[in-house]
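What follows is one structure encoded as structure tokens, with my remarks underneath.
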Amino acid sequence: MREEISRVLTMVQEGKIDSEKGAELIQVLKEKEKEPAVILQKPNNQQYLDKTLKIRVVSKDNDNINVNVPLKLVKAVLKTGHSIAASIPQSEKYVKDIDINLLIEAIDSELVGQIVDVQSANGDSVAVFIE
């Protein structure tokens, strides 16, 4: 909250808002701080965990890969699988630039749709979806 009040004071100082409006904004910020915190609970995410992580690799040499993995399994083995794939010379070039933490965050946020889209200069592509 201190940061927000500081921003309001800076706006008053720079003449972007008048002191009356600044006082109003600071009062609203103080009242907002007094409100009890509302804890939001996520609904049962069982339906979300029934979805599938889909990985599509398309190479210009026609070495295409399609992988479908249930989300129930994905998070448990994500880090282990990435480190294994990164240690295999044939797959290292495909997984070295994938941000595993981004994938875990997408699962935790119950994201749906395309979450990774990589196009290489030589025409290879990697796409990751949650559907």
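For the reader, a short list of remarks on this structure follows.
- Convex hull of the stretch 45-131 built on C-alpha atoms - directionally averaged projected area, nm²: 5.4 nm²
- Total formal charge among the other residues, if their Cβ is under 15 angstrom from that of VAL116, Lys/Arg +1 and Asp/Glu -1: -3
- Around ALA127: net Lys/Arg minus Asp/Glu count, Cβ-Cβ under 12 Å: -1
We did not get these values from a lab; they are worked out from the coordinates using the rules stated. Note that this is a predicted model, so its numbers are computed, not measured. As a convention, Cβ positions derive from the backbone with ideal geometry for all residues, glycine included, and neighbour counts pool all protein chains shown.
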